[in-house]
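Trainee: Have a look at this one before I ask anything.
The values are calculated or read from the model by the stated rules, or taken from the named source; none is laboratory data. Computed from a predicted structure; not experimentally measured. Here Cβ is always computed from backbone atoms with ideal geometry, including for glycine, and neighbour counts include all displayed protein chains. To get the accessible areas, we keep the full protein, side chains included, count just its heavy atoms, and leave off ligands, DNA and RNA. Shrake-Rupley method; radii C 1.70, N 1.55, O 1.52, S 1.80 Å.
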Amino acid sequence: MSVLKRDYIYNLMLKGKRTDGRAFDEVRDIEVKTNVIDKAEGSAWVKYGDTEVLVGVKMQVGTPFPDSAGEGVIITSLELNPIASPDFEAGPPRENAIEMARVTDRGVRESGAIDLSKLCITEGEEVWMVFIDIHVLNNGGNIQDASSMGAIAALLTTTIPAESAGKGEDIAMPVKDMPLGVTVINIGGSLMVDPELDEETVCDTKITVVSNKDGSISGMQKSGDGALTEEQLLKAVEMACEKAAELREAHLSDLQN
């Protein structure tokens, strides 16, 4: 990024402003549409400002892990498609794509969002495997939060295709919680939620906090060379949890099957 653009963002920050006119604790406009992929068991399209992601959930009968013989399996992947940004290249997932997939996966897994015991068909032999596939269609910054929103929106509208697999009647995905990731950045000592692309590029550090309906934290990931003071960290967590509660009510509360 050019020095002029970097200075412009910092000077705006010193005046309590952002490039798109938002307050420091304000997210961009969000749109969520579900059931957008006919071939998937659950799906969602999410738009965070200019960032767009498409999430599909596929279900497949498979073998459980040896240490969780009575539980289903979750596998999350994320693709940074070249159509989304000139910075993305075709080929195997890069490190940042793997990291974002893991943060999304961790939020779903550690929150207990899915009752994995209800995905067991025959203990130790057959369980339902949940594949969460995230495709980035356009990068306008903060892919992580859009992916988190898209994953839980898709899961909330997923139907397990038991009948077609000869495993009984179709049932709704047993979703128990709605973990949401909210990213907070530090620019010159000021904390801002939901960074757009230029802000994300110049920030000193970035932290994503995944919180649950009861306000507990199921995931956290920091990136960037900068550090946060204890006071800044606590403030970032507070901002993230408060914003997640607002977003959950506004965009997810009416989606569950």
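Trainee: Kindly indicate whether Val32 is under 30 Å from Ser164 (Cβ atoms) and in contact with a strand residue (DSSP E or B) (Cβ under 9 Å, 6 or more places away or on another chain).
Mentor: In short, yes.
Trainee: Could you check the stretch 93-119 and list, in sequence order, the residues that are touching a helix residue (DSSP H, G or I) at 6+ places or on another chain (Cβ under 9 Å), crowded, with 23+ Cβ neighbours inside 10 Å and not hydrophobic (A, V, I, L, M, F, W, C)?
Mentor: Thr104, Gly107, listed by residue number.
Trainee: Going residue by residue through the stretch 140-150, is there one that turns out to be free of Cβ contacts under 8 Å to residues at least 12 places away in the same chain, of a type outside the set (D, E, K, R), within 19 Å of Glu196 (Cα to Cα) and part of a loop (DSSP other than H, G, I, E, B)?
Mentor: So far as the stretch 140-150 goes, no, none of its residues is free of Cβ contacts under 8 Å to residues at least 12 places away in the same chain, of a type outside the set (D, E, K, R), within 19 Å of Glu196 (Cα to Cα) and part of a loop (DSSP other than H, G, I, E, B).
Trainee: Identify the single condition in (1) open to solvent by less than 20 Å² (accessible area, probe 1.4 Å); (2) within 15 Å of Lys58 (Cβ to Cβ); (3) touching a helix residue (DSSP H, G or I) at 6+ places or on another chain (Cβ under 9 Å) that His135 does not satisfy, given that it satisfies every other one.
Mentor: Answer for His135: the failing condition is (1).
Trainee: Can you name the residue in the stretch 189-218 that is open to solvent by 10 Å² or more (accessible area, probe 1.4 Å) and of a type in the set (Gly, Ala, Ser) and is also farthest from Val175 (Cα to Cα) among such residues?
Mentor: So, considering only residues that are open to solvent by 10 Å² or more (accessible area, probe 1.4 Å) and of a type in the set (Gly, Ala, Ser), the one farthest from Val175 (Cα to Cα) is Gly189.
Trainee: Give the stretch 151-166 a look and list any residue that's of a type in the set (Val, Ile, Thr) and not in a strand (DSSP E or B), or say none.
Mentor: Ile152, Thr157, Thr158
Trainee: Of the conditions (1) closer than 29 Å to Met129 by Cα; (2) basic (Lys, Arg); (3) open to solvent by 30 Å² or more (accessible area, probe 1.4 Å); (4) out of contact with any Asp or Glu (no Cβ under 8 Å at 6 or more places or on another chain), Lys176 fails just one. Which one is it?
Mentor: Condition not satisfied by Lys176: (4).
Trainee: Need at least 3 residues that are in contact (Cβ under 8 Å) with a residue 60 or more places away in the chain and within 13 Å of the chain's Cα centre (by Cα) per element, so show me which strands (runs of 3 or more DSSP E) inside the stretch 178-223 make the cut, counting only ones lying wholly within it.
Mentor: Output list reads 180-187, 217-223.
Trainee: Further question: Kindly provide the set of residues from the stretch 158-172 that are touching a residue at least 60 places away in the same chain (Cβ under 8 Å) and open to solvent by less than 10 Å² (accessible area, probe 1.4 Å), ordered by number.
Mentor: Of everything in the stretch 158-172, those that are touching a residue at least 60 places away in the same chain (Cβ under 8 Å) and open to solvent by less than 10 Å² (accessible area, probe 1.4 Å) turn out to be Thr158, Ile160.
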